[in-house]
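The values are calculated or read from the model by the stated rules, or taken from the named source; none is laboratory data. Quick caveat: nothing in here was measured; it's all calculated off a predicted structure. Backbone-built Cβ (ideal geometry, glycine too); neighbour counts: all protein chains shown. Side chains included, ligands, DNA and RNA excluded: accessible areas come from the protein's heavy atoms. Shrake-Rupley method; radii C 1.70, N 1.55, O 1.52, S 1.80 Å.
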Amino acid sequence: MLTEILLVARKDLRVERRAKIALGQVAPLALLILMVFAFALDANTSLLERGAGGLYWLAVLYGGTLLIQRSFDVETDDGNMDALRMSAIGMPSLFLGKALALFVQITVLQLILGPGILLLYNVGVVDWALLFAAAIAGTLAFSVCGVLWGVMSAGLRVRATLLPLLLVPVLAPVLLAGSRAFETALGVRAGAGWTWAGLMFVIAAVHTALGLGAFGFLLEEG
Amino acid sequence: MSEVATVVVGWGITFVALATYSTWVVLRGKGIGQELGIGEIEQSDVEKDTSATTDS
Amino acid sequence: MDLTPLHEVEAPSDLRRRVHRRRRWSVLVISAVLIFAMAFITAQGLRNATLFFRNVDEAVEQRSELGERRFRIQGRVIPSSVKSESGLTTFEIVHNCVVASVLHSSDPPELFSSPWIPVVLEGHWIAGEVMTLGGNDSHYFSSDRMLVKHTNEYASANEQRVTEEPPEGFLDQCSFEVPAAAS
Amino acid sequence: MPGANSAAKMTATPVTRVLGVSALAATALMAVLGLIVSPPDVIQGEAVRMLYVHVPSIWIAYGSFALTSTSSVLFLRRSRRRADQGRHYDRLAGSAAEVGVVFTAITLITGMLWGKVTWGTYWQWDARLTTTVLLFVTYLGYLALRRLPAEPTVRSRRAAVMALISFVNVPIVHYSVDWWRTLHQKASLSVGRRPEITGEMYWTLLYSTLAVTILATWLIIHRYRVIRLEELRDEEGLEALIASRLNKDVGSH
């Protein structure tokens, strides 16, 4: 099973490396969004500093949605879905493999966004451990939810609008938890940052379980 | 808004929303039924239900 | 369109059984993880992390930590303490026998006039000597936003009169006495 | 219930006509009881009458969403065995979800009005209000998914899975007032706790719930039939299209 997961993940990442969508387009776009936030808030640094955590996760949400879309467009083009179904790879492995690939991509996105908020928004980190734990938990939740809801809208004609509609309500708690945890880690809010990070792990766990159970139904078309 | 006005508005919205939705459902059923040529058979039933809901 | 009659392409029964067994297993895993997650959420309690408001006793305890920061405070209004003057309302709120003095600077909602009503106030602590029912205090709460928090107790106005008495048992453990309202 | 394969079953039947009339009568009586007969509250005054539409609405919404999930499970089980089976469960899931969304909207609107007179604000981001609005948006997404142009089996299956996942939020909404500190008061009635509500109000609340349940049942049945009609129309439209194509082909040769 582990080899299958790695196989799927490696396949996705190889496609990504060749197309260079994540690094070449999504990451610059997300950085641009960080800049636009600064304009919108009139570069009022105290406001930016307080909102940095939330703005960071909003940028991740935006970039992540594009990556999720992309991850399934690759599958549904040219009947790849049928090919995948026919390969002997089990549904759970497929689910986890795609989630792993997304995890890597969103991590790369965050490695660019993270320094972005530190430099552009002038914030300092007081708790590195919490920052990383929150980032990892949030990315896990993002990628698992993303795969589960991405497949829901895969191959449909209106997926560009449907995916955000389905995904945003599910990711709203992750966004909330991520923002609060980051605010604690960046020292602008005293609070239970670790609890929030824990909540994101729980969301990721619940969706992993749901995904393992439901992925088969979603891919077995008719 | 006073308490009484709020209650009136709240109940009003509720009843109007439910009546509109019921009417929409019944009329849509009637419309498609006619389109398919099966509405005529049971037309009277549908009409009775329409009047029953729009009042509520 | 697929024109094959569907009942002819059913999976062989042994294959189907295997699929079913795998499914039952995954359902078990799902429910186990779900239960675990729910238990985790309730036990660890996001209640500390998602404080919509702090009760008076907690807000007093965390005074140094809170400093001048804005937060929400919750307590029941002591009826005899309410005084209104040129748009400013002063009163005292109490929770768990801890009293705080409040200076409120906007129009209170209508239900504020009900005795012992629980309210949620938005604002911050300000240093200043005040005299409250619970004794002298070094801070008062400056608020500009008031929400009335009504409880899930409903009683008919025909049977029950509005009383000035505190809710049953609410002040039993307290060291101070509450004077009757001036009215 | 091998469902609706004969056209005569599609529209109103004697049973639903009786149900429709009783829904009408029941809601009329509910208005009389809730607006006139039941007493004003000692603290809230007349505003307490919002209770009788606000609380039953969300209970009906919970119930409808529960029905959606149950029939989604049944649909998934059925359609797994044979792809063309279990369509009626899918229709039931769809109609219940739509009715649930209508009642969630009513809950939100009446809640906001009620909040304005008692709390002094239309909206606060406390746990109960936030989770409820998320519930509303999630099921709107579910309805959007059901409406998409796609192969019916694929669409129904995805919708069924989504219904199952979305239901996780219902207990969170309900218990949010116990798990978190909220501006919203605790649940009006819950199992194992003495209702803190006086008799007349209590009975009016229970009666309103009954009345709204009858109305919702009637709505779900009719919506179910309309969905069936929509499917019939789509099938017929497809056949007509094929027929016209065939004719054209014959003509051109």
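The long axis of helix A:91-120 is offset from the longest Cα principal axis of chain A by roughly 20 degrees. Put simply, when C:156-166, D:218-228, A:13-23, C:100-110 are sorted by average Cβ atoms within 10 angstrom per residue, most first, you get D:218-228, C:100-110, A:13-23, C:156-166. Protein heavy-atom surface of segment A:2-219, 1.4 angstrom probe: 68% of the accessible area is carbon and sulfur, with nucleic acids and ligands not counted. Around the Cα centre of chain A, unit charges on the Cβ atoms of Lys, Arg, Asp and Glu (plus for the first two, minus for the last two) sum to a dipole of about 200 debye. Placing +1 on the Cβ of every Lys and Arg and -1 on the Cβ of every Asp and Glu, with nothing else charged, gives segment D:131-234 a dipole about its Cα centre of roughly 220 debye.
With contacts taken as Cα pairs under 8 Å and at least 6 residues apart, chain D reaches a relative contact order of 31 percent.
Provide a list, ordered by number, of residues in segment D:107-123 showing at least 30 Å² less accessible area with every protein chain present than when their chain is taken on its own, using a 1.4 Å probe. Output list: D:ILE109, D:LEU113, D:VAL117, D:THR118, D:TRP119. Computed with a 1.4 Å probe over protein heavy atoms only, the accessible area of C:SER86 comes to about 110 Å². Kirkwood analysis of segment C:54-148, using all unique Cα-Cα pairs, places the hydrodynamic radius at 13.0 Å.
Please determine, in degrees from 0 to 90 and to the nearest 10, the orientation of helix A:27-40 with respect to the longest principal axis defined by the Cα atoms of chain A, where the helix direction is its Cα long axis. It is inclined by approximately 40 degrees. Set Lys and Arg Cβ to +1 and Asp and Glu Cβ to -1, take the dipole of segment A:1-97 about its Cα centre, and tell me which of A:LEU61, A:THR3, A:LEU47 lies farthest positive. Farthest towards the positive pole: A:THR3. Buried area at the D:B interface is about 3500 square angstrom, summed over both chains, from accessible surfaces computed with a 1.4 angstrom probe. Pick out, from D:ILE58, D:VAL37, D:ILE109, the residue whose Cα sits farthest towards the positive end of the charge dipole of chain D, with +1 on the Cβ of Lys and Arg and -1 on the Cβ of Asp and Glu. Most positive-ward Cα: D:ILE58.
Chain A and chain D together bury an accessible surface of about 2000 square angstrom, both sides counted, with a 1.4 Å probe and no ligands or nucleic acids included.
Only Cα pairs under 8 Å and 6+ residues apart enter the sum, and on that basis the relative contact order of segment A:2-219 stands at 29 percent. Taking all protein chains together and a 1.4 Å probe, the residues B:PHE15, A:PHE201 rank A:PHE201, B:PHE15 from largest to smallest accessible area. Full extension of the chain segment joining D:TRP125 with D:MET112 gains 3.5 nm, where the gain is 0.36 nm per residue of separation less the Cα-Cα distance. Ordered by solvent-accessible area of protein heavy atoms (1.4 Å probe), largest first, the residues D:GLU230, B:GLU35 come out as B:GLU35, D:GLU230. Counting, for every residue in D:231-240, the Cβ atoms of other protein chains within 10 Å of its Cβ and taking the mean gives 2. Simple rule: put +1 on each Lys or Arg Cβ and -1 on each Asp or Glu Cβ in segment D:108-173, find the dipole, and look at D:THR130, D:VAL173, D:MET162; the Cα lying farthest toward the positive end is D:MET162. Highest mean first, the peptides D:143-154, A:88-99 sorted by other C-beta atoms within 10 Å per residue fall in the order A:88-99, D:143-154. Computed on segment D:48-162, with alpha-carbon pairs under 8 angstrom and 6+ residues apart, the relative contact order is 30 percent.
A 1.4 Å probe, protein heavy atoms only, puts the accessible area of D:THR70 near 80 Å². Other protein chain C-beta atoms within 10 Å of residue C-beta, averaged over D:32-44: 5.
Interface residues of segment A:126-166, defined as those with an accessible-area decrease of at least 20 Å² between the chain by itself and the complete set of protein chains (probe 1.4 Å), are A:TRP149, A:MET152, A:LEU156, A:ARG157, A:VAL158, A:LEU162, A:LEU165, A:LEU166.
Modelled label positions at C:GLU61 and A:THR3, each set 7 Å beyond Cα in the direction of Cβ, lie 5.7 nm from each other.
Think of each Lys and Arg Cβ as +1 and each Asp and Glu Cβ as -1; about the Cα centre, that makes the dipole of chain D roughly 680 debye.
List for segment D:206-223: residues with 50 Å² or greater reduction in accessible area, all protein chains versus chain alone, probe 1.4 Å? Flagged in segment D:206-223: D:TRP218, D:LEU219. Label separation (C:GLU122 vs B:THR20): 3.0 nm, computed from points 7 Å beyond Cα along the C-beta direction.
Buried between D and C is an accessible area of approximately 3600 Å², summed over both sides with a 1.4 Å probe. For the residues D:ILE214, D:ILE43, a 1.4 Å probe over the protein chains yields an accessible-area ranking, largest first, of D:ILE43, D:ILE214.
Computed from Cα positions, the angle between helix D:127-147 and the longest principal axis of chain D comes to roughly 10 degrees.
Annotation: D:LEU67 carries an accessible surface of approximately 60 Å², with a 1.4 Å probe and no ligand, DNA or RNA atoms counted.
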